[in-house]
Every structure is written in C-alpha cells, then in structure tokens.
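Single-structure report; data block below.
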Amino acid sequence: MGTKFKVWKVISDPEQRSAAVHATAIGDTPLEAYENEHVFFFSFTDDGRKVNRVEEFVDTSYSEAFIKKVKDYQARNTKEL
C-alpha cells in the first residue's frame, strides 16, 4: 500500500521563487483504488534552496465521496469493546 503521484505538469518561475505541480495521487486501499487530482503551489526561500510554503488543492467532490466511503467502512468494521 501507499500513495504515489503521477505528475502531469510542472511550471516553475525562478524570478518569483515559485512552482506549481499538477498531479494525480494513486493508491490502494481496502475499499478501492484511490485516485485524486492535486495541484501544489510551492514558494521557495530567497536563495531558492528550501521550500517555505506549500499550498495544496484537491478535487473536493472526489475527496468528500471517498471520505464518506471510509467512514462507512469503519462503521461496518469496528467491533464494539
């Protein structure tokens, strides 16, 4: 198990010390395969050597539906103590 990212596009702007990445997260779960779109915006320090900010955007419709499936799965598979 685990999640991997398929990167579709990278746009970088060295003058602005920033980059954007469009990717799909792909992973296996006990429920079904997970595949969700992500966009990341990275900002870098003045010397460009370190990331100092990350913003992430995901397909919220997919995320909400998947989280509901996870909660339903947990409710069905949690044993009472």
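The values are calculated or read from the model by the stated rules, or taken from the named source; none is laboratory data. Values in this document were obtained by computation on a predicted structure and should not be read as measured data. Because the Cβ atoms are built from the backbone with ideal geometry, glycine has one as well, and the counts that use them run over all protein chains shown. Surface areas here come from the heavy atoms of the whole protein model, side chains and all, with no ligands, DNA or RNA. Shrake-Rupley method; radii C 1.70, N 1.55, O 1.52, S 1.80 Å.
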Task: Total residues in the stretch 28-81, condition within 30 Å of GLN16 (Cβ to Cβ), free of Cβ contacts under 8 Å to residues at least 12 places away in the same chain and among the hydrophobic types (A, V, I, L, M, F, W, C) - done: 1
Open item on the list: I'm told ASN36 meets every condition in (1) open to solvent by 80 Å² or more (accessible area, probe 1.4 Å); (2) part of a strand (DSSP E or B) except one. Can you identify the failing condition by its number?
Closed with: (1)
TODO: Filter the stretch 6-33 for residues that are in contact with a strand residue (DSSP E or B) (Cβ under 9 Å, 6 or more places away or on another chain), within 21 Å of VAL70 (Cα to Cα) and surrounded by 13 or more Cβ atoms within 10 Å (Cβ to Cβ) and give the result.
DONE: THR24, ALA25, ILE26, GLY27
Open item on the list: I need the full set of residues from the stretch 42-76 which are in a strand (DSSP E or B) and open to solvent by 90 Å² or more (accessible area, probe 1.4 Å), in order please.
Closed with: ASN52, ARG53, GLU56, PHE57
